[in-house]
Amino acid sequence: MFKTPLAKIKYYATCGCCNYKALDKSKWEKHINCQKHKRNGKYKFEDYMCKICGYCALHAYNFKIHAIVCHGTTEEKKTAPFYCECCNMAFFCDLFYNKHMKSNKHNNKYIRHKIIKNNLFKNEDLLLIDLYYMEYIEQLEKTIRLTNKKII
């Protein structure tokens, strides 16, 4: 079957704001009445834009997740399906939660959390020294990981 080249197709109308090309009147009228055309070919981000950090979401559910995970209170974060008490982090996906639980960041905070919660140190100075030491170890591990990535 012979196809007409795109340059030779006669369009009923072409939209000036979003470059849509309609082959007939019914498709043109459908396009004119659609929400995308009414927004000049752009998605409607304004409804789901975070006033704190500027994050934009296409859907209300994604905006709700962002608000809880990034800016939520402890009580709000606890309502998430997956919550790490020691890091005060909320997750809506088990994949990210499991990845977090295996991370060095979580493990270091877990040790600190356990020390503080169980009052393993009687002297507060010793606790501060230990916490600084753990942060130093964290920085060393991060530097080693970055160095290894550059070598490979």
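The values are calculated or read from the model by the stated rules, or taken from the named source; none is laboratory data. Keep in mind the model is a prediction, meaning the values are calculated, not measured. Note that each Cβ is placed from the backbone with ideal geometry, even for glycine, and that neighbours are counted across all protein chains shown.
Do we find that Lys102 is modelled with pLDDT of 85 or more, within 30 Å of Ile137 (Cβ to Cβ), loosely packed, with under 14 Cβ neighbours inside 10 Å and of a type outside the set (S, T, N, Q) in this structure? Reasoning before the result, please.
Details: modelled with pLDDT of 85 or more: yes; within 30 Å of Ile137 (Cβ to Cβ): yes; loosely packed, with under 14 Cβ neighbours inside 10 Å: yes; of a type outside the set (S, T, N, Q): yes.
Against the criterion (modelled with pLDDT of 85 or more, within 30 Å of Ile137 (Cβ to Cβ), loosely packed, with under 14 Cβ neighbours inside 10 Å and of a type outside the set (S, T, N, Q)), Lys102 qualifies.
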Q.
Here are the criteria: (1) small (Gly, Ala, Ser); (2) loosely packed, with under 15 Cβ neighbours inside 10 Å; (3) modelled with pLDDT of 80 or more. Tell me which single one Ala67 does not satisfy.
A. (2)
Q: Scan (1) surrounded by fewer than 14 Cβ atoms within 10 Å (Cβ to Cβ); (2) modelled with pLDDT under 75 for the single condition Ile111 breaks and write down its number.
A: (1)
Q: Determine which member of the set Lys10, Lys21, Lys44, Lys30 is in contact with a strand residue (DSSP E or B) (Cβ under 6 Å, 6 or more places away or on another chain) and either at pLDDT 60 or above or of a type in the set (Lys, Arg) (or both).
A: Lys21
Q.
Here is a list: Tyr61, Tyr132. Which entry is surrounded by fewer than 12 Cβ atoms within 10 Å (Cβ to Cβ) and modelled with pLDDT of 85 or more?
A. Tyr61
Q) Restricting the first residue to segment 84-113 and requiring it to be assigned by TED's automatic domain parsing to the domain that holds Gly72, which pairs with a second residue that is surrounded by fewer than 15 Cβ atoms within 10 Å (Cβ to Cβ) and outside any helix (DSSP H, G or I) meet a Cβ separation below 7 Å and a spacing of at least six or different chains? A) Phe92/Pro81
Q | Cross-chain or 6+ apart pairs with Cβ under 6 Å, segment 61-83 first and farther than 14 Å from Phe96 by Cβ, then assigned to a helix (DSSP H, G or I) and at pLDDT below 90 | A | Phe63/Tyr48
